[in-house]
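Scroll down for the structure; my scribbles are underneath it.
The values are calculated or read from the model by the stated rules, or taken from the named source; none is laboratory data. Everything quoted here is computed from the prediction, not taken from an experiment. For neighbour counting, all protein chains shown are included, and Cβ atoms are generated from backbone atoms with ideal geometry for every residue, glycine included.
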Amino acid sequence: MANKATREGYGDGLCALAKVRPDLVVLDADLSAATKTCIFKKEYPDRHFNCGIAESNMMGVAAGIASTGKLVFASSFAMFAAGRAYEIVRNSIAYPKLNVKIGATHAGISVGEDGATHQCCEDIALMRAIPGMTIINPADYVEAKAAVLAMAEYEGPTYLRFGRLAVPIYNDEETYKFEVGKGITVRDGSDITIIATGLMVAEAMEAAETLASEGINARVVNIHTIKPIDREIIVKAARETKKIVTVEEHSTIGGLGSAVCDVVLEEYPTTVVKLGIEDVFGHSGAAKDLLREYGLCAENIVNVVKKTLKK
Amino acid sequence: MDKSLVRDLEIAAAKVRIGIIEGVHSAKAGHPGGSLSCADLLTYLYLHRLNVDPADPKMESRDRMVLSKGHAAPALYAVLALRGFFSMEEMKTLRKIDSRMQGHPDSLKIPGVDASTGSLGQGISAACGMAFSGKLSDESYKVYTLLGDGELQEGEVWEAAMFAAHYQLDNLVAVVDNNNMQIDGKIADVMSPYPIDQKFEAFGWHTITINGHDFNEMEKAFDDAERVVQRPTVIIMKTTKGKGVFYMENALEWHGKAPNDEEYEVAMKELTAHLAELEG
């Protein structure tokens, strides 16, 4: 499998989107080389605008542009898009239900060397709490690009989360179809379900492969849309496999795991074990090493699944 | 400006002030001081300057007005009512549980409101976005935004000021309601934003200072702003907080407090007498 970062999918997705939405406007806050909106800028220099290092104003400007009917993407690192500009996203964008798409890259611990100040593991929790906010966390380059393109026909405030790290492309660009709010069973199984999101989907698939060689039949579900979440696929997993392990590159407080627990508790109470960042700040290091340290790798998923099955 | 027009605007502003007091008294909450200080400006904009249509509040070619100092909602609502967007009677439902007249402007609920505001510093950014979008697609509409002077303490205002100048938004006019007061005291004591004109000038804006209760000065300033090219304009208007109700004028306690029944009667007596005098 070739490796490519989901943020590359963001940049390429914007170019594809511009072909069907000539009203597309892309904003960035001095990070276009990193967020990959530079790809779009190169192709559409008259539709890409820098707002400088001023994320709060960028979100407000995006709200104003959206109010005039144009499709607008505001791009920055997750830390600044969801963190610094949180209240502007809430009050200026989400409260008036404006059609602003937030392209948040460099999410999670895999930011790596920049360290804790830039490793945003709270963004999903923050965005989930905002009424009407859609949250999309693509698993690979193909899904990321398709998610961006899907925004051509998806109205309303949406937070799209992308990673810095190059990860395996497991979807086929020719056949892949993105549907907002629909989880995907990427591997069927009956003993347990691993529900993963974003960069953790590939790790979960690798873990399932290892588990299979040991006689454990794990189902793997990719939840690319964390809100609104696919209740059906989660309830089905709870019913059919009883036990669930969630995996995310995000805090275990308020992210995918919490969202899955909400559904399971309401509809089919069963065991859910949450794997993610356990209420700590990260630190500098290579992305792969950090992911291993925090247990966000296939090897640890295998361990957690085995422990969960013994519960 | 034509004398009869000035008189018409004065009469309208007097009615707006009555609407503000009606609303705030009925709600038993709200911000009368900062609503009264900008009542003249909003009256001027909606009844004379802005291209808006109450029959088509979302008209694409309309001028936009973003009330960045969202707590002056009673003034905005009273002006919108007078302009025909809804009935002045609705002022009495201000802040009530079953009313669309929210404590702060809500663009989804209230016809004529262009942006949901109330959290200070955010409206000017939205106004920048509207003006920017207008430039992008070569629209002829203008964008106006009204800020409080205390609001200038929000950092986002200056991010927006930088943005507007950088993108040469000459279709944007910001107005600062310089009534010298904020909740905790005089703005100069709490956290001085002065000199306001020099700050905006340094950010690349065209600046004009006027008396915010004088329609002739408003007319001149907005005409001047229209002639400016490649730069946004800020109009700093000197105003009196609580203007029109003698016991509220320059009195800090009336920033965010509603008059009781007795105080309401006193205010209404003064305002209706003033209106009768203008109409007489």
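Annotations for the structure displayed:
- Hits in the stretch B:128-166 - residues which are touching a Leu at 6+ places or on another chain (Cβ under 6 Å) and within 11 Å of chain A (Cβ to nearest Cβ): B:Ala131, B:Val143, B:Glu154, B:Ala164
- Just one of (1) within 25 Å of B:Leu9 (Cβ to Cβ); (2) buried (at least 16 other Cβ atoms within 10 Å of the Cβ) fails for B:Glu159. It is (1).
- Filtered by the rule that a residue be in a helix (DSSP H, G or I) and either at the interface with chain B (Cβ under 9 Å from one of its Cβ atoms) or polar (S, T, N, Q) (or both), the stretch A:75-96 gives A:Glu87, A:Ile88, A:Arg90, A:Asn91, A:Ser92.
- The listed residue being modelled with pLDDT of 95 or more and assigned by TED's automatic domain parsing to the domain that holds A:Ala63, out of A:Thr117, A:Thr175: A:Thr117
- Test: residue in the stretch A:260-272 that is of a type in the set (S, T, N, Q), more than 18 Å from the chain's Cα centre (by Cα) and at pLDDT 95 or above: yes
- Residue within the stretch B:96-104 that is within 14 Å of chain A (Cβ to nearest Cβ), within 21 Å of B:Asp40 (Cα to Cα), surrounded by 24 or more Cβ atoms within 10 Å (Cβ to Cβ) and in contact (Cβ under 8 Å) with a residue 24 or more places away in the chain present: no
- When residues of the stretch A:139-175 are limited to those that are surrounded by 23 or more Cβ atoms within 10 Å (Cβ to Cβ) and hydroxyl-bearing (Ser, Thr, Tyr), the one nearest to A:Ser67 (Cα to Cα): A:Thr158
- Some residue of the stretch A:279-292 being outside the structural domain of A:Asp114 (by TED's automatic domain parsing), of a type in the set (Asp, Glu), surrounded by fewer than 20 Cβ atoms within 10 Å (Cβ to Cβ) and farther than 17 Å from A:Glu122 by Cβ: yes
- Selection from the stretch A:274-302 of residues that are of a type in the set (Val, Ile, Thr) and assigned to a helix (DSSP H, G or I): A:Ile301, A:Val302
- Every pair of residues 6+ apart whose Cβ atoms lie under 8 Å, when the first sits in the stretch B:30-42 and is under 16 Å from B:Phe222 (Cα atoms) and of a type outside the set (A, V, I, L, M) while the second is at pLDDT 95 or above and in a helix (DSSP H, G or I): B:Cys38/B:Ala72; B:Cys38/B:Ala75; B:Asp40/B:Leu9; B:Asp40/B:Ala13; B:Asp40/B:Phe215; B:Asp40/B:Met218
- Condition met for A:Asn99 (more than 9 Å from every other protein chain (Cβ to nearest Cβ), under 14 Å from B:Ala115 (Cα atoms) and of a type outside the set (A, V, I, L, M, F, W, C)): yes
- Subset of the stretch A:188-229 that is in a strand (DSSP E or B) and among the charged types (D, E, K, R) - its residue that is surrounded by the fewest Cβ atoms within 10 Å (Cβ to Cβ): A:Lys227
- Screening A:Ile184, A:Ile136 for residues that are modelled with pLDDT of 95 or more, under 26 Å from A:Thr270 (Cα atoms), crowded, with 18+ Cβ neighbours inside 10 Å and out of contact with any helix residue (DSSP H, G or I) (no Cβ under 6 Å at 6 or more places or on another chain) leaves exactly one candidate, A:Ile184.
- Scanning the stretch B:216-240 for residues that are under 14 Å from the mean Cα position of the chain (by Cα), crowded, with 20+ Cβ neighbours inside 10 Å and not in a loop (DSSP other than H, G, I, E, B) returns B:Met218, B:Val234, B:Ile235, B:Ile236, B:Met237.
For (1) touching a residue at least 24 places away in the same chain (Cβ under 8 Å); (2) surrounded by fewer than 22 Cβ atoms within 10 Å (Cβ to Cβ), each residue gets a yes or a no:
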position: A:Pro22; (1), (2): no, yes
position: A:Ile88; (1), (2): yes, no
position: A:Ile93; (1), (2): yes, no
position: A:Thr117; (1), (2): yes, yes
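- Filtered by the rule that a residue be of a type in the set (Gly, Ala, Ser), closer than 12 Å to B:Ser68 by Cα and surrounded by fewer than 24 Cβ atoms within 10 Å (Cβ to Cβ), the stretch B:113-151 gives B:Gly118, B:Ser119.
- Filtering the stretch A:67-107 to residues that are closer than 18 Å to B:His104 by Cα and of a type in the set (Lys, Arg) leaves A:Arg90, A:Lys97.
- Test: B:Leu146 is in contact with a Ser or Thr (Cβ under 8 Å, 6 or more places away or on another chain), under 24 Å from B:Asp40 (Cβ atoms) and of a type in the set (A, V, I, L, M, F, W, C): yes
- When the stretch A:173-202 is filtered for residues that are among the polar types (S, T, N, Q) and over 13 Å from the mean Cα position of the chain (by Cα), the ones remaining, listed by number, are A:Thr175, A:Thr185, A:Ser190, A:Thr193.
- If you go through the stretch A:55-74 and pick out every residue that is surrounded by 24 or more Cβ atoms within 10 Å (Cβ to Cβ) and within 7 Å of chain B (Cβ to nearest Cβ), you end up with 9.
- Of all the numbered requirements in (1) in contact with a His (Cβ under 9 Å, 6 or more places away or on another chain); (2) within 13 Å of chain B (Cβ to nearest Cβ); (3) of a type outside the set (Val, Ile, Thr); (4) in contact (Cβ under 8 Å) with a residue 60 or more places away in the chain, A:His106 misses one, and that requirement is (2).
- Here A:Leu265 meets each of (1) more than 16 Å from A:Gly198 (Cβ to Cβ); (2) crowded, with 20+ Cβ neighbours inside 10 Å; (3) aliphatic (A, V, I, L, M) with one exception, condition (2).
- Residue check for A:Val272: more than 22 Å from A:Pro138 (Cβ to Cβ) and surrounded by 15 or more Cβ atoms within 10 Å (Cβ to Cβ): yes
- Criterion: surrounded by fewer than 21 Cβ atoms within 10 Å (Cβ to Cβ) and part of a helix (DSSP H, G or I) - qualifying residue of B:His71, B:His48: B:His48
- Taking first residues from the stretch A:40-53 that are within 18 Å of B:Met162 (Cα to Cα) and partners that are polar (S, T, N, Q), no Cβ contact under 6 Å between residues at least 6 apart in sequence or on separate chains turns up.
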